[in-house]
Amino acid sequence: RTVRLVTGSGDLDLDGDVQASSMVCHTLSGDIRGEAKGQEMEFHTTSGDVELSVTAEKADFNVISGDLSLKGTAGHMKVVSVSGDVEASVDGEDMSVSTTSGDVKLTGSMEHVDVHCVSGDLRLRMKIREIEVGSASGEIELQLSAAQEAESVTAQSRSGDVFICLAP
């Protein structure tokens, strides 16, 4: 089943157990919140917040101006945010996050994580195998599980401190 939800200034509330093989949700100035399950999912908002619990094979999020709060599992997750904070507690295979202005806070377990931010702090507390993070202007704080050996850790900041901590 394919689900496509579009609204101009109204909110999209996904209540209950919304399931679809393909789902696209798009708002201009409304919020998107609730719970969604499916194979491929896309969520877009021009000026609104997104607060979702997601279970998907592939999930893409595009937020121009607004905060993004996620939890759940996804095989492949991509987040693009222009102005707003990104907070996610997710498990899966790989995650890509790109922000222009806003802080990023990630927790959970992923095989590969790639996070890049122009202006904002990055805080990651994750179990990972490979991670690449970068910030042009902001702090980077990585708290990695000492029990799990990360194969590759890359952290770069042009103007900001970098902290790496191995937690038990």
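The values are calculated or read from the model by the stated rules, or taken from the named source; none is laboratory data. The structure displayed is predicted, hence computed values, not measured ones. Positions of Cβ are generated from backbone atoms using ideal geometry, with glycine treated the same way; all protein chains shown enter the neighbour counts. SASA here: full protein model, heavy atoms, side chains in, ligands and nucleic acids out. Shrake-Rupley method; radii C 1.70, N 1.55, O 1.52, S 1.80 Å.
Numerical summary
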quantity	calculated
Gyration tensor verdict on region 1-94 (Cα atoms; rounded if a/c is under 1.5, prolate if a/b is larger than b/c, oblate otherwise)	oblate
The chain, relative contact order [Cα under 8 Å, separation at least 6], %	11
Relative contact order of region 90-168, defined on C-alpha pairs under 8 angstrom at six or more residues apart (%)	24
Region 1-85: trypsin sites (Lys or Arg not before Pro) falling in loop per DSSP and having at most 10 other Cβ within 10 Å	1
For region 1-150, size of Cβ-based charge dipole, Lys and Arg +1, Asp and Glu -1, in debye	200
Accessible carbon and sulfur surface of region 1-103 relative to its total accessible area, %, 1.4 Å	43
Region 95-134: relative contact order as a whole-number percent, Cα under 8 Å and 6+ apart	45
Charged-residue dipole, Cβ positions (Lys, Arg, Asp, Glu), region 53-100 about Cα centre, Debye nearest 20	100
Convex hull (Cα only) mean projected area of region 96-168, reported in nm² to one decimal	3.9
Mean accessible surface per residue for region 1-122, computed with a 1.4 Å probe while every protein chain stays in place, in Å²	44
